[in-house]
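The structure appears right after this line, and notes come after that.
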Amino acid sequence: MKKLNFADKFFPVSTIVLLIGVFWYLLAVPMNSEKVSRQFKDLPASEHILKCWSLKKPKLPTPHQIFSEIVNTTFYKKISSKRSLVYHGWITLQATLAGFFLGTLLGILLALGIVHNKAMNLSVMPWVIASQTIPILAIAPMIIVVMNSVGVTGLLPKAIISMYLSFFPVVVGMVKGLRSPDQIQLDQMKTWSASSNQILWHLRFPSSLPFLFASLKVGVAASLVGAIVGELPSGAIAGLGARMLAGTYYGQTIMIWSALFSAAFLAAFLVFTIDFLQKIILKKMAIVR
Amino acid sequence: MISVSNVNLTFETNDGPVNALRDVSLEVNEGDFVSFIGPSGCGKTTLLRVIAALETPTEGKVTVNNMIPDDARKAREYGYVFQAAGLYPWRTVSGNIKLPLEIMGYSASEKEDRTRKVIDLVELNGFEKKFPWQLSGGMQQRASIARALAFDANILLMDEPFGALDEIVRDRLNGELLNLWGRTGKTICFVTHSIPEAVFLSTKIVVMSPRPGRITDIIESPLPNNRDLDIRDSQEFIKIAQRVREGLKAGQTEDVF
């Protein structure tokens with residue numbers, strides 16, 4: 001199949017975006033209609049609809065309201081201001097990256113243990129899977145409270161929650177990746193009487209890279225979710241999660257949605273960054289052409 | 001050089017035990033070119049893997065250069081060429097050839113020297129910096145042979161190295177392999193399922209049969225060591241090929257149960 005370039009993708013993607021936009025504006029009318037009727041009596045239909053799209057605290061804000069809020073709080077506020085999305089985004093991004101780093105490290109270490117140690121191979125995976133069946137919303141407050149009680153606050157507890165979510169795809173992907181060399185390649189290493197460290201370094205690790213990058217993309221998005229969830233129960237006053245929480249307290253739906261969209265953009269940016277690194281590194285290593 | 005006596009090997013499978021080798025005995029002398037030929041399931045690859053210490057026999061005794069196979073493996077007494085070239089896609093041709101040398105801890109200058117030498121030997125000059133996917137199947141297999149030769153073990157074990165290649169390329173590589181054998185004086189054990197290939201290459205042909213895997217005939221070839229492809233039309237060649245074919249046929253009809 002031909003590789004798709006930007007122009008090939010532009011039309012289908014923008015069509016879907018347009019359809020969602022149209023659906024969104026249509027939906028905003030019945031969602032906000034009741035509130036408009038309460039505030040303004042006897043408007044003509046066309047003005048009624050326009051009001052539905054421009055309420056200050058709508059049930060469902062429209063895309064242009066959300067984007068003007070994002071633009072406003074991103075570019076027209078000082079980045080040190082508590083009302084700046086850049087400020088909140090940066091707080092969340094720090095916890096995300098720290099958690100992502102820790103999670104990736106933990107994931108790779110566990111995978112190495114599982115592949116090289118028979119006892120770990122038989123015992124660790126069920127626990128890894130069990131860890132992911134516990135809802136993060138249940139465990140996040142406990143981590144925050146426990147760490148708070150020993151005096152650890154701020155970035156680290158959030159990073160731990162991010163790690164908890166992001167190590168999982170890395171373990172699963174890396175175990176598969178480290179085991180991806182075929183029997184001939186392993187036999188060949190044996191005929192050279194290579195040590196298991198040499199097999200790891202020369203064969204298993206390079207073979208696992210495509211798997212690792214696929215996992216990292218899932219992991220970084222999970223990290224961001226973890227960081228945001230970590231901000232919710234702690235009564236944090238900074239971060240995208242805190243922004244969403246504040247929005248719900250004060251009924252500021254536009255604020256919630258703009259934080260939500262910022263988080264989505266941030267996640268997309270992180271995933272694309274890893275995708276970009278993957279393309280460069282794998283191409284350089286001639287694993288893909 | 002290589003001595004196999006009364007070797008039995010039974011694999012335990014879900015369908016019960018499989019007798020992969022029964023009562024196999026064989027002597028390979030220094031400088032021999034020995035081919036193992038037989039239908040699939042006759043244990044020819046298994047026998048090669050036993051010599052390489054990739055399988056352990058259930059019974060019997062094997063020595064390689066007067067060592068038990070596992071010690072010979074650790075002492076890097078043999079190079080092994082697999083059915084698939086198995087080159088590392090992220091390494092160039094010379095990078096692939098250097099891999100065993102890196103693992104064995106050769107110095108940088110020695111790695112260069114040896115790589116250059118074996119690239120000459122398999123005639124891959126000019127392709128050192130190419131990646132495996134830029135090479136044809138035949139060239140990949142030549143690089144794989146160069147890699148097995150790089151650390152200069154005096155035994156070369158080859159498991160159907162040309163099985164996946166077309167006949168024209170295979171003929172050429174057979175000629176080159178004979179040439180290489182003549183120049184280096186290595187001892188070569190070669191697994192194949194092609195009668196002309198076995199007769200053309202070998203000084204000794206080991207004919208094997210399946211269920212259970214066993215040797216039915218060992219033929220000492222009267223052909224001169226120095227031969228070219230035309231020898232395949234000679235009377236002697238045809239006579240040996242006939243004897244191989246008879247051996248294979250006998251193995252099929254013989255009642256072993």
Identify, please: which residue in the stretch B:102-124 is open to solvent by 70 Å² or more (accessible area, probe 1.4 Å) and under 24 Å from the mean Cα position of the chain (by Cα) and is, among those, nearest to the other protein chains (Cβ to nearest Cβ)? B:K117
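Would you pick out the residues in the stretch B:58-76 that are more than 9 Å from chain A (Cβ to nearest Cβ) and open to solvent by less than 40 Å² (accessible area, probe 1.4 Å)? Before you say what the answer is, go through the steps one by one.
Our first condition is that a residue be more than 9 Å from chain A (Cβ to nearest Cβ); within the stretch B:58-76, this holds for B:58-72.
Hits for the stretch B:58-76 are B:V62, B:T63, B:V64, B:N65, B:P69, B:A72.
Restricting to the stretch A:187-196, name every residue that is facing chain B (nearest Cβ under 7 Å) and surrounded by fewer than 21 Cβ atoms within 10 Å (Cβ to Cβ). Before you say what the answer is, go through the steps one by one.
Step one: filter the stretch A:187-196 for residues facing chain B (nearest Cβ under 7 Å), giving A:187-188, A:190-194.
Answer for the stretch A:187-196, where residues must be facing chain B (nearest Cβ under 7 Å) and surrounded by fewer than 21 Cβ atoms within 10 Å (Cβ to Cβ): A:D187, A:K190, A:S193.
What number of residues within the stretch B:23-79 satisfy the criterion of being in a strand (DSSP E or B), among the acidic types (D, E) and without any contact (Cβ under 8 Å) to a residue 40 or more places away in the chain?
Keep residues of the stretch B:23-79 that are in a strand (DSSP E or B), which gives B:23-28, B:33-37, B:59-64, B:67, B:78-79.
If we keep only those that are among the acidic types (D, E) as well, we get B:23, B:27, B:59.
So of that shortlist, the ones also without any contact (Cβ under 8 Å) to a residue 40 or more places away in the chain come out as B:27.
Summing the residues that are in a strand (DSSP E or B), among the acidic types (D, E) and without any contact (Cβ under 8 Å) to a residue 40 or more places away in the chain in the stretch B:23-79 gives 1.
With A:I184, A:I129, A:I134, A:I160 as the choices, which residue is within 25 Å of B:Y78 (Cβ to Cβ), among the β-branched types (V, I, T) and open to solvent by 30 Å² or more (accessible area, probe 1.4 Å)? Steps first, please.
Numbers: A:I129 fails: within 25 Å of B:Y78 (Cβ to Cβ); A:I134 fails: within 25 Å of B:Y78 (Cβ to Cβ); A:I160 fails: within 25 Å of B:Y78 (Cβ to Cβ).
Sole residue among the options that is within 25 Å of B:Y78 (Cβ to Cβ), among the β-branched types (V, I, T) and open to solvent by 30 Å² or more (accessible area, probe 1.4 Å): A:I184.
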When (1) of a type in the set (V, I, T); (2) farther than 24 Å from B:E30 by Cβ; (3) crowded, with 20+ Cβ neighbours inside 10 Å are applied to B:V199, the one that fails is (2)
Reported set for the stretch B:9-57 where residues are within 14 Å of chain A (Cβ to nearest Cβ) and surrounded by 14 or more Cβ atoms within 10 Å (Cβ to Cβ) is B:T45, B:T46, B:L48, B:R49, B:V50, B:I51, B:A52, B:A53, B:L54, B:E55
Report yes if B:R91 is facing chain A (nearest Cβ under 9 Å), among the basic types (K, R) and either outside any loop (DSSP other than H, G, I, E, B) or touching a His at 6+ places or on another chain (Cβ under 7 Å) (or both), otherwise no. no
The helices (runs of 4 or more DSSP H) lying wholly within the stretch A:204-289 that contain at least 2 residues that are open to solvent by less than 20 Å² (accessible area, probe 1.4 Å) and within 24 Å of A:L112 (Cα to Cα) are A:205-231, A:253-284
Candidates B:N179, B:N174, B:N226, filtered to the one that is in contact with a Leu (Cβ under 7 Å, 6 or more places away or on another chain), outside any strand (DSSP E or B), closer than 24 Å to B:G79 by Cα and among the polar types (S, T, N, Q): B:N174
Filtered residues of the stretch A:37-72 (kept if open to solvent by less than 70 Å² (accessible area, probe 1.4 Å) and in a helix (DSSP H, G or I)): A:S37, A:H48, A:I49, A:C52, A:P63, A:Q65, A:I66, A:S68, A:E69, A:I70, A:V71, A:N72
Condition broken by B:L173, with the remaining ones in (1) open to solvent by less than 10 Å² (accessible area, probe 1.4 Å); (2) within 15 Å of the chain's Cα centre (by Cα); (3) within 13 Å of another protein chain (Cβ to nearest Cβ) satisfied: (3)
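The values are calculated or read from the model by the stated rules, or taken from the named source; none is laboratory data. This one's a predicted model, so the numbers in the text were calculated from it and none came from an experiment. As a convention, Cβ positions derive from the backbone with ideal geometry for all residues, glycine included, and neighbour counts pool all protein chains shown. Note: accessible area is taken over every heavy atom of the protein model, side chains too, but ligands, DNA and RNA are not part of it. Shrake-Rupley method; radii C 1.70, N 1.55, O 1.52, S 1.80 Å.
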